[in-house]
1. In nm, give the distance between the simple-model label positions of Ser153 and Arg79, each being 7 Å from the Cα along the Cα-to-Cβ direction.
2. Using only the alpha carbon atoms of the stretch 16-99, find the Kirkwood hydrodynamic radius as the inverse mean reciprocal pair distance, in angstroms to one decimal.
3. Work from the charge dipole of the chain (Cβ charges, +1 for Lys and Arg, -1 for Asp and Glu, about the Cα centre) and give the residue of Pro157, Leu186, Leu106 farthest towards its positive end.
4. Once you place label points 7 Å from the Cα toward the Cβ at Ser188 and Arg119, how far apart are they in nm?
5. Diagonalise the Cα gyration tensor of the chain and give the resulting equivalent ellipsoid semi-axes, square root of 5 times each eigenvalue, largest first, whole Å.
6. Which residue, Leu175, Leu160, Leu77, tops the fluctuation ranking in a GNM of the chain built on C-alpha contacts under 10 Å?
7. For the stretch 4-174, what is the relative contact order in percent, using Cα pairs closer than 8 Å and at least 6 residues apart in sequence?
8. Hey, what's the Cα Rg ratio for the stretch 118-214 versus the globular rule of thumb, 2.2 N^0.38 Å?
Amino acid sequence: MAKRIGLLGGTFDPVHIGHLRSALEVADALALDEVRLLPNFRPPHRDTPQVSAQQRLEMVQVAVEGIQPLKVDDRELKRDKPSYTVDTLELMRAEMAADDQLFMLLGWDAFCGLPSWHRWEELLQHCHILVLQRPDADSEPPDALRNLLAARSVSDPLALTGPNGNIAFVWQTPLAVSATQIRQLLASGKSVRFLVPDAVLAYIDAHGLYRASN
């Protein structure tokens, strides 16, 4: 049987319930065997994270411990250069069987930014792309993506066949929580209980992360 593997990359600065709930919902909806959370080392499109790569990794590890089918993939943190998704996908593909399905989960904003990614035209050679879109999202994709969507989009994500090559939309009602919001609350001394898993909150408190004194 071919495996069905999801991939959710991010800075995870810190990982929060929005990341985890999205991963679980997609895993359930598409009957994925696992969803790998992939912390970025030095994201090309983002500011340098506030805490160390090791601390971000450890927060993701404690967040998913014992929660099936969520896993942690730390390969980008072992690479001392910017994290290019296409390189990661190539490495993952080399470890998988030829007919295994790989699904990359992207939010709508990240998807619309694809034309600025390194070798973005090659991504679908390695995976399917699942776009996590809110029912109220009304923005249009950039022109550079319209031809790709016309050629590669599949209306039903459950109809995605083969190891790679297509795009489908997964409608979600995301939790209104962001890592930026969490960092701001912590910096001002406010509670982030129930915005992050209890294990992540305990880690943040134990290491004094995101406090104004940092």
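1. Using points 7 Å along Cα→Cβ, the separation is 2.9 nm.
2. Numbers: mean 1/r = 0.0714 Å⁻¹.
That comes to 14.0 Å for the stretch 16-99.
3. Checked the options; the winner is Leu186.
4. 4.4 nm
5. Numbers: eigenvalues 166, 68, 60 Å².
With the √(5λ) rule applied to the chain, the semi-axes are 29, 18, 17 Å.
6. Ranking Leu175, Leu160, Leu77 by mean-square fluctuation puts Leu175 first.
7. Details: 277 pairs, mean separation 38.4, N = 171.
Relative contact order comes out at 22 percent.
8. Values: Rg = 19.2 Å, N = 97, 2.2 N^0.38 = 12.5 Å.
Here the answer is 1.53, to two decimals.
Values in this text are rule-based calculations from the coordinates and carry no lab data. Owing to the predicted nature of the structure, the values given are computational and were not obtained by experimental measurement. We place every Cβ from the backbone using ideal geometry, glycine too, and count neighbours over all the protein chains shown.
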